Amino acid sequence: MVKVGLTGGIGAGKSEVSRLLASYGAVIVDADRIAREVVEPGTPGLAAVVEEFGAGVLAPDGTLDRPKLGGIVFADPERLKALNAIVHPLVGARSAELEASAGPDAVVVHDVPLLAENGLAPLYDLVIVIDAAPQTQLDRLVRQRGMTEDEAKSRMAAQATREQRLAIADLVIDNDGPLAELEPQVREVWERLRNR
C-alpha cells in the first residue's frame with residue numbers, strides 16, 4: 001500500500017485531481033466529505049458542535065448550517081480551533097477505517113485540505129501539493145463558488161501559506177492554468193505512484 005497525502009489551498013483544484021486519481025484506480029479518502037459525514041444529524045459530532053456553538057448553527061431542517069458556522073469560525077482563530085478539536089479526531093478515525101479496508105496493493109490518496117496546517121505530512125509515504133497562485137484561487141472562489149472577495153480572502157487567510165504547503169511537498173502539481181494542462185500532470189504522477 002502507498003499512502004499519499006494530497007493537499008492544496010482552497011480553490012487550488014484538489015477535487016479535480018482527486019477525481020482524476022480515482023478514475024485511474026486510486027482509493028480516495030476525502031477528509032472534507034468525511035468532515036460532512038461526522039456532523040450529519042443524529043451524530044455525536046453534530047451534538048458536540050451544537051454544544052460548543054449553540055443551536056443557532058443549525059438550519060431549520062436540523063442539519064448544520066455550514067455558511068453560518070463558517071462565518072463564525074473563519075472570522076475567529078480561537079473558534080476555528082474549537083471546531084477543529086471536535087471534528088478532526090472524528091475525521092481521523094473514519095479515515096483510518098477507510099484506509100484499513102483498502103487492499104495491500106492499493107494507492108490510498110488522503111485528500112486533506114489542512115495537511116500542512118496540522119503537521120500531518122509525516123503520516124504519508126509522500127505528499128502531493130496542488131499549487132495555484134493566490135490570485136488564481138481568489139478568482140476561482142469568486143467566479144466558481146460564488147463567494148464574495150472578502151469571504152474568499154478570509155478562507156484563504158485561515159489556511160497555510162503557499163510557501164508552507166510547498167515546503168512539505170514531495171511532488172507538486174501546477175494547477176494555475178486550464179484543465180487541459182492538469183490532466184497530463186496527474187497521469188504522470190499516477191504512473192509514479194503505481195511504480196512505487
Could you please state how large a percent of the accessible area of the chain is carbon and sulfur, counting protein chains only and using a 1.4 Å probe? 52
In deg cm²/dmol, rounded to the nearest 500, the helical mean residue ellipticity at 222 nm of the chain, built from -39500 (n - 2.57) for every DSSP H run of length 4 or more, is -16000 deg cm²/dmol
Determine the relative contact order of the chain: mean sequence separation of Cα pairs under 8 Å and six or more apart, normalised by residue count, in whole percent. 38
Amide H to amide H under 5 Å from Asp30: which residues, 5+ apart in sequence or cross-chain, H placed 1.01 Å off N in plane? Asp111
Go ahead and collect, in residue order, the members of the range 170-196 whose backbone nitrogen is under 16 Å from a label point 7 Å along the Cα-Cβ direction of Ala133. 174-179
Leaving out ligands and nucleic acids, note down the accessible area per residue over the chain with a 1.4 angstrom probe, in whole Å². 52
Taking Cα atoms, the helix 14-24 axis meets the longest principal axis of the chain at an angle in degrees (rounded to 10) of 50
Under a cut-off of 21 Å between alpha-carbon atoms, report the lysines in cross-link reach of Lys3, not counting same-chain residues fewer than 8 places apart. Lys14
Lysines with Cα under 19 Å of Lys81, excluding same-chain neighbours fewer than 8 positions away: Lys68, Lys153
Taking K and R as +1 and D and E as -1, what net charge do the other residues with C-beta under 9 Å from the C-beta of Tyr124 add up to? -1
What is the calculated FRET efficiency for Ala59 to Lys153, with r their C-beta to C-beta distance and R₀ = 25 Å, to the nearest 0.05? 0.45
Which length gain, in nm to one decimal place, applies between Glu51 and Glu97 when the Cα-Cα distance is subtracted from 0.36 nm times their residue separation? 13.9 nm
Among DSSP bridges having both ends in the chain, what percentage is antiparallel? Round to the nearest 5. 5
Kindly state, to the nearest 0.05, the FRET efficiency for Asn118 paired with Ala180, given R0 = 25 Å and r defined as their beta-carbon distance. 0.15
Cβ-defined net charge surrounding Gly56, 12 Å radius [Lys, Arg +1; Asp, Glu -1]: -1
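The values are calculated or read from the model by the stated rules, or taken from the named source; none is laboratory data. Predicted model, so just to flag it, every value in this text is computed and none were measured. When we count neighbours, we look across all protein chains shown, and the Cβ atoms used for this are built from the backbone with ideal geometry, even at glycine. Surface areas here come from the heavy atoms of the whole protein model, side chains and all, with no ligands, DNA or RNA. Shrake-Rupley method; radii C 1.70, N 1.55, O 1.52, S 1.80 Å.
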